[in-house]
Amino acid sequence: MGRLSRNILFVLLVLGIVLRIREYAACPSYWYDEAYLLLNVFHKSFSDLLGPLRDNQAAPPLFLWLLRGLYRLAGRGEWWMRLPALTASMGGLLVMALLAPRIVGRRGSMWPVALCAFSHHAIAHASEVKPYALDFLMTELIVWTTLRCQAIVRIRRRRLAFYLLALLAPWASYPSAFVLGGASLALLAHALPHRQAMQAKAHLRFACVVGGLTVLSSLVLWQVVCRHQATSALHAFWKASFLDLSSPSAAMRWTGCCLVEIGNYGTREMGLPFVVLALIGAASLRRRPARLALLMAPLLLALFASALHLYPLGGRLLFFLVPCWWLLAARGLDVLSRRMVVFPAWLGWVLPAALLAPALLWTGQRLRAVTPRCQFREAFAYVAAHRKPGDRVWVSHPQVYEVYYGRPPHLSGYSSPARVEQAARKGRLWMVCAVAGSQERYTAAETVARVKAASSAFDRRRFRGLEVILCGPRR
């Protein structure tokens with residue numbers, strides 16, 4: 001790698017780390033999904049976290065134990081609760097810099113790093129109390145470890161490290177089971193072509209042990225933890241993210257949309273170009289079946305699990321596949337740039353720059369201001385600053401209020417509309433209402449409508465994703 005390439009790589013790493021620290025330092029307000037998870041961390045013991053989680057949450061036990069340990073050590077401070085996500089996100093960026101040259105080659109290795117550095121979701125997940133940044137990191141670590149073990153499988157410490165990874169990774173990141181399955185297939189594909197019987201036997205035995213440990217760990221994980229978290233409510237919520245098997249054409253259409261969504265989730269609005277580039281990159285690996293299996297098998301295994309309704313493939317649950325997709329797309333870019341030798345050299349930079357353009361625009365906006373999904377903290381602070389003795393508070397998502405104040409509000413979205421209406425008729429009632437969708441519909445529409453019809457609004461304030469209304473008896 002030349003000096004210019006090293007300098008560009010260094011700049012990309014610095015910018016990526018700065019963007020993640022900027023997101024973390026802004027400390028955006030918790031949104032309701034984070035609050036649902038945190039209430040489990042705050043109120044359940046280490047052993048209880050292995051069982052069912054309240055509010056239909058699902059998260060790997062090692063991640064929950066890490067948060068629980070931080071809570072016991074340092075309290076419920078937001079910065080402590082967000083620290084694992086920040087660490088995992090920065091680790092994912094650094095590992096990508098190590099991984100990209102092995103898959104793409106030194107010539108195009110900067111592009112996966114650039115995609116990782118500026119990805120809107122990679123940056124946003126760096127400050128969320130959710131396991132998605134850890135899913136991303138575990139995928140990279142498994143791929144990187146597999147490549148190292150393929151080179152020299154006889155080094156005992158590498159084998160033992162991989163065995164430990166196969167046992168523990170699913171407990172830290174649920175989708176890492178698919179990546180480990182792909183790693184086992186890659187090790188098997190690497191073992192078969194060896195002409196020396198002893199060497200082939202060693203590689204084959206290693207692949208089988210890794211696969212066996214992965215299956216064993218995943219089965220125990222399912223029996224001990226996952227089956228308790230797989231609630232009917234979660235299944236209904238993610239219904240559209242299970243592979244549509246109603247017909248062959250529906251399955252193909254669903255799979256195509258899923259591939260585009262992987263690209264969109266990694267780099268905004270660039271899903272279709274990434275599908276094309278990733279397929280070109282996969283085709284370039286047809287003579288290297290071990291590499292192809294390592295990067296493509298996790299997707300195929302996840303699709304199989306989705307068809308069985310064991311793992312939904314949609315939205316943030318696709319994030320673990322993004323590193324493989326970026327590496328394949330970067331390899332596709334490298335293949336195309338090599339085919340463009342008759343054109344000016346600068347043309348080889350046009351397509352990557354175009355792919356990065358939406359992410360760079362988003363990054364510029366994010367540097368100016370970090371906006372949370374919902375400004376719950378700001379809305380609660382406004383209510384606390386303006387409420388009077390005797391005022392009551394209604395919150396559409398009481399879990400967020402409980403995370404911030406250690407107790408639930410007087411009334412919530414779980415209270416009957418009649419009870420909330422009665423409170424507004426008798427005295428002042430502060431309503432913190434979540435609004436969703438482009439039409440900004442209230443989450444508890446019936447309750448809000450009844451209160452508005454039965455009382456007068458004396459104050460109204462808008463926050464991102466929320467509306468605060470002070471209601472009271474009509475004069």
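Since every read-out is calculated from the coordinates, none of them should be taken as a lab result. All values derive from a computational prediction rather than experimental measurement. Please note: Cβ atoms are built from the backbone with ideal geometry, for glycine as well, and neighbour counts cover all protein chains shown.
Tabulated data for the structure shown
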quantity: Charge tally in the Cβ shell below 11 Å around Arg461, where Lys, Arg are +1 and Asp, Glu are -1, Arg461 excluded; calculated: -1
quantity: Pairwise centroid distance, computed over Cα atoms, of the stretch 167-181 with the stretch 98-119, Å; calculated: 23
quantity: Three-way shape call for the stretch 18-79 based on the alpha-carbon gyration tensor, with the a/c threshold at 1.5; calculated: prolate
quantity: Burial ordering of Trp80, Trp326, fewest other beta-carbon atoms within 10 Å first; calculated: Trp80, Trp326
quantity: The chain: calculated mean residue ellipticity at 222 nm from DSSP helix runs of at least 4, using -39500 (n - 2.57); calculated: -21000 deg cm²/dmol
quantity: Computed lengthening from His43 to His228, 0.36 nm per intervening residue step minus Cα-Cα distance; calculated: 64.9 nm
quantity: Taking Met270, Met96 and counting other C-beta atoms within 10 Å, the order from fewest to most; calculated: Met270, Met96
quantity: Label point distance in nm, Ala385-Lys201, each placed 7 Å from Cα along Cα→Cβ; calculated: 7.5
quantity: For His235, His190, order by how many other beta-carbon atoms lie within 10 Å, fewest first; calculated: His235, His190
quantity: Sequence-separation-based contact order of the stretch 376-472, relative, with Cα cut under 8 Å and 6+ spacing, percent; calculated: 29
quantity: Relative contact order [Cα under 8 Å, 6+ residues apart], the chain, whole percent; calculated: 16
quantity: Distance histogram in 5 Å bins (all Cα pairs of the stretch 223-281, percent per bin); calculated: 4, 16, 16, 16, 18, 14, 9, 5, 0
quantity: Between helix 132-151 and the chain: long-axis angle, C-alpha atoms, 0 to 90°, nearest 10; calculated: 10
quantity: Between 0 and 90°, nearest 10: helix 32-43 axis offset from the chain longest Cα axis; calculated: 90
quantity: Gyration tensor verdict on the stretch 258-349 (Cα atoms; rounded if a/c is under 1.5, prolate if a/b is larger than b/c, oblate otherwise); calculated: oblate
quantity: Qualifying lysines (Cα of each under 28 Å from Cα of Lys130; at least 8 residues distant if same chain); calculated: Lys44, Lys239
quantity: Tail fraction, Cα-Cα pairs, the stretch 324-475, threshold 24 Å, whole percent; calculated: 50
quantity: Among Ser29, Leu93, Ala58 - extreme Cα towards positive end, dipole of the stretch 18-97, charges at beta-carbon; calculated: Leu93
